[in-house]
Amino acid sequence: HVVEQNEVADLKSSGKLEFGQLPALECNGKFYVQTFAIETFLSKKFKLLGSTPEEEYEILNLIASREDIFTPARMVFFPMTDDEKNNLDKNKSDLIEKLVQLLKVYERKLTSGKGNYLVGDKFSLGDIYVTVFIHVVFFNASRKDEFGPILTQNAPKLEEYVKRISQNELVEFFKSFFEESF
């Protein structure tokens with residue numbers, strides 16, 4: 001079940017969370033923690049990490065790209081310090097530059113691949129990550145007017161692809177979590 005806010009303190013004090021923080025996944029009485037470890041565990045369990053070591057590398061390469069964009073995006077979408085708030089224009093410019101670079105890589109992976117997905121001919125964790133990322137940054141109701149054109153201009157095939165994946169493989173997920181994007 002999804003942990004409610006009033007359950008967090010008890011769960012943390014229970015010792016079940018190895019690092020004392022969420023996210024966590026309980027499966028057959030065992031608690032799994034750390035986002036990347038949980039993603040990898042579930043991806044292997046449900047065969048979402050490719051069929052070869054090369055495909056697994058390409059999928060993990062996509063997931064690792066989030067490290068390059070997380071801080072610049074957070075500084076613009078959720079500025080926390082006075083410095084971040086006072087330099088919003090420069091930070092936004094830097095973010096857009098990084099987004100364009102990332103989109104071009106994703107577009108190239110999509111169009112140069114030998115299959116219907118970002119890596120090969122099988123739906124993977126990479127497809128899930130990129131689709132969620134595109135929704136959060138470019139399709140989000142509060143950002144789509146400003147950031148949506150960046151996606152359309154730099155990765156039009158990726159934009160089409162994400163819409164297809166959102167309406168097929170991930171339709172139920174997006175209906176429940178990103179209603180404003182549809």
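Take GLY120 and decide whether it is over 18 Å from the mean Cα position of the chain (by Cα), outside any helix (DSSP H, G or I) and crowded, with 18+ Cβ neighbours inside 10 Å.
Criteria met by GLY120.
For segment 52-63, the criterion of being under 30 Å from ASN140 (Cα atoms) and in a loop (DSSP other than H, G, I, E, B) is satisfied by no residue at all. When segment 6-24 is filtered for residues that are loosely packed, with under 14 Cβ neighbours inside 10 Å and either outside any loop (DSSP other than H, G, I, E, B) or of a type in the set (A, V, I, L, M, F, W, C) (or both), the ones remaining, listed by number, are ASN6, GLU7, VAL8, ALA9, ASP10, SER13, PHE19, LEU22. Of the residues making up segment 39-56, none is open to solvent by less than 100 Å² (accessible area, probe 1.4 Å), of a type in the set (Gly, Ala, Ser) and more than 22 Å from the chain's Cα centre (by Cα). Return yes or no: is ILE63 of a type outside the set (Phe, Trp, Tyr) and either exposed (fewer than 11 other Cβ atoms within 10 Å of the Cβ) or touching a residue at least 40 places away in the same chain (Cβ under 8 Å) (or both)? Yes; evaluated as a whole, the condition is true for this residue. Exactly one residue out of LYS163, LYS109, LYS92 is of a type outside the set (Asp, Glu) and open to solvent by 80 Å² or more (accessible area, probe 1.4 Å), and it is LYS163.
The values are calculated or read from the model by the stated rules, or taken from the named source; none is laboratory data. Predicted model only: the values in this text are computed from it and were never measured. No Cβ is skipped: glycine too gets one built from the backbone with ideal geometry, and neighbour counts run over all protein chains shown. The area values use the complete protein model at the heavy-atom level, side chains included, leaving out ligands, DNA and RNA. Shrake-Rupley method; radii C 1.70, N 1.55, O 1.52, S 1.80 Å.
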